[in-house]
Amino acid sequence: MIRILLSWALLLAAAIPTPRAHPRLLLPAGEEEAVRARIAEEPEVALADSLILAACEKMMAQPPVVREKIGKRLLHVSREALKRIFYLSYAWRIHTGEDAAGRARRDAYADRAIREMMAVCRFSDWNPTHFLDVGEMTMAVAIGYDWLYPVMTDDQRDSVAAAVRKLAFDASRNEKDAWFYNNTNNWNQVCNAGLSCGAIALFEQFPDEARAILAKCLETNPKALDDYSPEGGYPEGYAYWAYGSAYQILLLASLESAFGTDFGLLEQHGAGFLRSGEFLRMLSTPTGLTYSFYDSDRPAEFQYMQAYLGRVSGDPTLLKTEIDLFRRSHGKMIISEDRMFPFFPIAMARFPVALKDIPDPAVHTYVCGGTTPMLIYRSGWKSPNDTYLAVKGGLSMSSHGHCDQGSFYFEDDGVVWATDIGMQDYESLESKDLHIWSMRQGKDRWKVFRIGPFSHNILTVNGHCPKVFHPAGLDETWTGTNRSRGPGAGLNLTAIYSEDLDSCYRRVFLEGKDLVIEDYITARDTACTVRWALSSETDARIDHGRILLSKDGKTRTVTPEALRPLQKKPGRYARPPRRSPVPITACTWPASLPENAPLPPVTGRHEPPFWEWPSPPLHSYDAPNPGIALSGFLLELKPRETVLLRVRIGK
């Protein structure tokens, strides 16, 4: 078997031809004029170009990067090096200078980029124990070497070649450090892209090694592409779509520009990837935020990689919402993965339509399966007051996962009534000796407030963390065509609550402008306390057993009722009559505490405000959550009792 695998690898490597002449990564020689034409024609592309040039001017006065780790990572240095080298090399290629002063400035950009390359090539290593650092650094020097090849000296080229061979190619042979080859997440994409672009740039110096690196990529990168199947959902969420997919796109674009082919990656494995632009588009919300599940931040960012996907997928509307946001912000919004931003004007050179002619998206509902199944509905694309609903299943212990199966996000009338707080900076947790990368039940990761169950819009029972190793799919979905129920989804969550509940089924759907959440739950042989939680970007107060949410003069009422259903069907529950109510207690909880603050005393469930502390309580390492209100309800279930908890968020 080993011999067969080696033979296949050799055949794959032998099939890789010699790439075209320099420059060949991303923007082949002769295509600069197409970029310049798009800058002249499109104000948004001109704005992007001006931002790149302004950043270059600031870089000129900065000393080259130095090898300084933060915790276990050198990643911030690799990213800064990539930004400087990519931006400065772009400025050298695109802005030729119309007079002597302009040409001198252009040459200064090239000299500054080469200085940066020489600095990182003198590093003792690129931190291979955290191979993302190597992947991004290799991408940096690959672009600089390839694009600035005509103005580099022989000694400079030799220095880059020796560094890439030693610090990247040789390092990738250590199977312990190069575990990404067997992984499906963003590490696969980032590291394969960086190494492959290094191999393409330095192909003539090390043709055998370059072919081996590229063959290894073509063999292993499909594992990451397959993770987008079947409908384009990216398991790691908004932020890591931007990271992993950006490098995936740089890889595909570089193969195409260097060889004229991606060797079948998109044709054979890219069906889901080509739909992932739909997924990303639907994660942006009407208020300019994102559905920030898993390790993501809240604000929407300019996802310029949609320019590439809009072309290759045949759907230019993928770029519409991004351009609208970028235009309205006058370029001041956050640029996603900004170190790769020169790829935007490059991708626009081949974009099929003028930006002003892109129509609004026609789609309003998106459903995906895969590792992180979800339904997303957006009523419109023009107003911040549009309605937005997202419901997710998933697997908590998947890459960058949070304990949030069955969670939901809801905007309407310009207010976030149900939110996801998002991620906490890794170093702030790792520096406290928390082992946040172990996904097993009971580990440190699930004790972090933003990651564990107590900050999310889910049920918790008896203060326990739900089971993180059971997946939750969408059992049923509604797209809004059913007159009796608007868009929404149902999920069977029985497996993740098996410690305390005999069964648990959740439905989340719209009824007009109201959001309804129905939880059908049955206790096991002992009594249990169920906590229904809601995180919102509002104020929250208790009023006669209900919760009143308010923001900017707008209000919603969160009204619960708990009833005993008449009968249970397999995986479904009959709607209960309006009788046999079960007592419910409305609660508010703190979303964060000042450093070393004492816990407030429990006041009793009959006296609002009621402090129901998660187990364990909030810790000093938990990040503050300004602007977040955490509220909900408590109810007691008797042994074997079945209850429908129905909550309406309405006007």
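Computed from the coordinates by the stated procedures, all read-outs in this text should not be read as laboratory data. Nothing here was measured: the structure is a model prediction, and the numbers come from that model. Cβ placement follows ideal geometry from the backbone for every residue including glycine, while neighbour counts extend to all protein chains displayed.
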Length released on extending from Glu641 to Glu499, taking residue separation times 0.36 nm less the Cα-Cα span: 49.6 nm
Part-to-part distance (alpha-carbon centres) for region 510-549 and region 153-168, which is given in Å: 60 Å
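What number in nm² do you get for region 347-491 if you take the convex hull of its Cα atoms and divide its surface by four?
In nm², the orientation-averaged hull projection of region 347-491 is 12.5.
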Alpha-carbon spread of the chain, three principal axes, descending order, Å: 84, 55, 48
Nearby lysines by direct alpha-carbon distance to Lys551 (threshold 22 angstrom, same-chain neighbours under 8 apart not counted): Lys382, Lys513, Lys651
10 Å-binned pair-distance histogram of region 67-179 (Cα, whole percent): 15, 44, 28, 10, 3, 0
Two-site FRET efficiency, Glu476 against Thr261, from Cβ-Cβ distance with R₀ of 51 Å, rounded to 0.05: 0.75
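Please find the FRET efficiency linking His619 to Glu511, where r is the Cβ-Cβ separation and R0 is fixed at 41 Å, and quote it to the nearest 0.05. If you can, show how the numbers build up before the last one.
Details: r = 39 Å, r/R0 = 0.95.
Calculated value: 0.60.
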Alpha-carbon centroid distance for the pair region 382-456 / region 30-109, whole angstrom: 35 Å
Most to least packed among 20-32, 93-105 [average Cβ atoms within 10 Å]: 20-32, 93-105
Rg in Å to one decimal, and Dmax rounded to a whole Å, for region 2-357 via C-alpha atoms: 19.3, 61
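Figure the gain on full extension for Asp539 and His464 (residue separation times 0.36 nm, minus the Cα-Cα span) and round it to one decimal in nm.
Numbers: separation 75, 0.36 × 75 = 27.00 nm, distance 2.69 nm.
Separation in residues times 0.36 nm, less the Cα-Cα distance, equals 24.3 nm.
Sort Lys176, Lys651 so that the residue with the fewest other Cβ atoms within 10 Å of its own Cβ comes first and the one with the most comes last.
Lys176, Lys651
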Stokes-Einstein translational diffusion, region 1-159 - Kirkwood Rh over all Cα pairs, 0.692 mPa s, 37 °C, in µm²/s: 187 µm²/s
Stretchable slack from Tyr426 to Lys166, in nm (0.36 nm times residue separation minus alpha-carbon distance): 90.7 nm
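Sort 471-478, 630-637, 378-385 by the packing proxy (mean of other Cβ within 10 Å over each peptide's residues), most packed first. Mind showing how you got there, number by number?
Numbers: 471-478: 18.1, 630-637: 21.2, 378-385: 15.4.
The peptides rank, most packed first, as 630-637, 471-478, 378-385.
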Pairwise FRET efficiency - Ala362 versus Ala29, Cβ, R0 = 45 Å, nearest 0.05: 0.70
Rounded to whole Hz, the Karplus (6.51, -1.76, 1.60) HN-Hα couplings of region 277-289, x for glycine and proline: x, 4, 4, 4, 4, 6, 6, 7, 9, x, 7, x, 9
Spatially near lysine pairs across region 2-357, Cα under 19 Å, sequence gap of 8 or more or different chains: 11
Which of Asp360, Asp444 has the fewest Cβ neighbours within 10 Å, and the rest in rising order: Asp360, Asp444
Estimated [θ] at 222 nm from DSSP helical runs (n ≥ 4, -39500 (n - 2.57)) normalised by residues in the chain, nearest 500: -10000 deg cm²/dmol
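Order the peptides 293-299, 317-323, 193-199, 417-423 from the highest to the lowest mean number of other Cβ atoms within 10 Å of their residues. The partial results should precede the final answer.
On the way: 293-299: 20.1, 317-323: 22.4, 193-199: 30.7, 417-423: 24.6.
Those peptides, ordered most packed to least, come out 193-199, 417-423, 317-323, 293-299.
Among Lys223, Lys58, which comes first, then next, by fewest other beta-carbon atoms within 10 Å?
Lys58, Lys223
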For region 18-31, Karplus couplings with θ = phi - 60° (6.51, -1.76, 1.60), whole Hz, Gly/Pro x: 6, x, 5, 5, 5, x, 9, 8, 6, 10, x, 4, x, 9
For region 173-214 and region 281-307, distance of Cα centres in Å: 30 Å
Hydrodynamic radius (Kirkwood) for region 191-332, which is based on Cα pairs only, to one decimal in Å: 16.0 Å
